[in-house]
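Worksheet: the structure to be examined is printed underneath.
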Amino acid sequence: MMGPAHSLSGAMAWLGVGAAAAAADHPMPWPVLVAGTLICAGAALAPDLDHRSATISRAFGPFSKILAGLIDKLSSAVYNATRGPRDRRRSGGHRTLTHTWIWAVLLGVGFSGAAVAFGRWAVLFTLFVHMVLAVEGLLWRMARVSSDVLVWLLGAATAWIVAGVLDEPGNGANWLFTDEPYAWLGLPIVLGAIVHTLGDAITISGCPMLWPLPIAGRRWYPLGTPSFMRFRAGAWVENKVLMPAFILLGAAGGVGAGLLTP
């Protein structure tokens, strides 16, 4: 799928988690619901850092372009070093390492660990990165006609405000992990990355999300829906069917999270 659809699916997923958490009598404080939705929307773009033309690869100027090149080479090297007997050798790393659930978990653990170990500045950095990506994904029309600097300023301002709200007592710094403030930050990041892989799995190419499990002689088996149900990224079914569905389901999740919260 394309960036906007990925971001919408990420936002929808965290709002759904919010409704489920409320139904399980462990409701999210509203700042966690809002912050998590934006983080998850941004994180749903992150797996495409292995593609130099992707939204995330352009979001932070030269830094993200250089990082995308490095990730592409790393992904290609890991793919070729671990491929099964029926996996063809590749020169590019797109839709390999960063499109696996192992990568998603490691990414989330890394951001959570940084937040716990380094405190406020790591939290601000995590929020800034994902707020910028959320703007690029959810407000993509405006982001494309704006300058990168304005998007960065909006992301920085949003990160600062959200961090300030979360720091207030009872607003969510200790949600879920009471002894480790902000340990929950990695959860929407993991979820966003996983939702991205599921979105790619319904496109023509599929997604090797379960690497390194061997399937049919391949360790990079592109899982997906039956071929007749797949579509090309950016096709009408994505724009006319899936994106409206993500919006409706996300709204339902948000309403459910609010109604089920005591």
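The values are calculated or read from the model by the stated rules, or taken from the named source; none is laboratory data. These figures come from a predicted structure and were not determined experimentally. FYI the Cβ positions are ideal-geometry reconstructions off the backbone, even for glycines, and counts take in every protein chain you see. When the accessible area is computed, the model is the full protein with side chains, heavy atoms only, and any ligands, DNA or RNA have been set aside. Shrake-Rupley method; radii C 1.70, N 1.55, O 1.52, S 1.80 Å.
Of note:
- Criterion: among the β-branched types (Val, Ile, Thr) and closer than 30 Å to Ala201 by Cα - qualifying residue of Val109, Val123: Val109
- Every pair of residues 6+ apart whose Cβ atoms lie under 8 Å, when the first sits in the range 38-63 and is modelled with pLDDT of 90 or more while the second is among the basic types (Lys, Arg) and part of a loop (DSSP other than H, G, I, E, B): Asp50/Arg95
Matching residues to (1) over 22 Å from Ala19 (Cβ atoms); (2) at pLDDT below 90; (3) of a type in the set (D, E, K, R):
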residue: Leu198; (1), (2), (3): no, no, no
residue: Gly206; (1), (2), (3): yes, no, no
residue: Trp211; (1), (2), (3): yes, no, no
residue: Gly217; (1), (2), (3): yes, no, no
residue: Trp220; (1), (2), (3): yes, no, no
residue: Gly224; (1), (2), (3): yes, no, no
residue: Trp236; (1), (2), (3): yes, yes, no
residue: Leu248; (1), (2), (3): no, no, no
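- Within the range 1-18, being within 17 Å of Ala252 (Cα to Cα), open to solvent by 10 Å² or more (accessible area, probe 1.4 Å) and in contact with a Phe, Trp or Tyr (Cβ under 6 Å, 6 or more places away or on another chain) holds for Leu8, Met12.
- Scanning the range 174-183 for residues being surrounded by fewer than 23 Cβ atoms within 10 Å (Cβ to Cβ) and closer than 14 Å to Ala35 by Cα gives a total of 2.
- Here Val237 fits the description: out of contact with any Ser or Thr (no Cβ under 7 Å at 6 or more places or on another chain), open to solvent by less than 60 Å² (accessible area, probe 1.4 Å), in a helix (DSSP H, G or I) and without any contact (Cβ under 8 Å) to a residue 24 or more places away in the chain.
- Pairs where the first residue, in the range 209-231, is farther than 13 Å from Gly199 by Cβ and the second is open to solvent by less than 60 Å² (accessible area, probe 1.4 Å) and charged (D, E, K, R), C-beta under 7 Å, 6+ apart: Arg218/Asp87; Arg219/Asp87; Trp220/Asp87
- The range 119-151 - residue that is open to solvent by 60 Å² or more (accessible area, probe 1.4 Å) and over 26 Å from Asn239 (Cα atoms) and, of those, nearest to the chain's Cα centre (by Cα): Phe125
- Residues of the range 51-98 classified as part of a helix (DSSP H, G or I), surrounded by 17 or more Cβ atoms within 10 Å (Cβ to Cβ) and small (Gly, Ala, Ser), total: 6
- Residues considered: Thr203, Thr197. Of these, the only one that is under 18 Å from Trp14 (Cα atoms), open to solvent by less than 30 Å² (accessible area, probe 1.4 Å), in contact with a Phe, Trp or Tyr (Cβ under 8 Å, 6 or more places away or on another chain) and touching a residue at least 60 places away in the same chain (Cβ under 8 Å) is Thr197.
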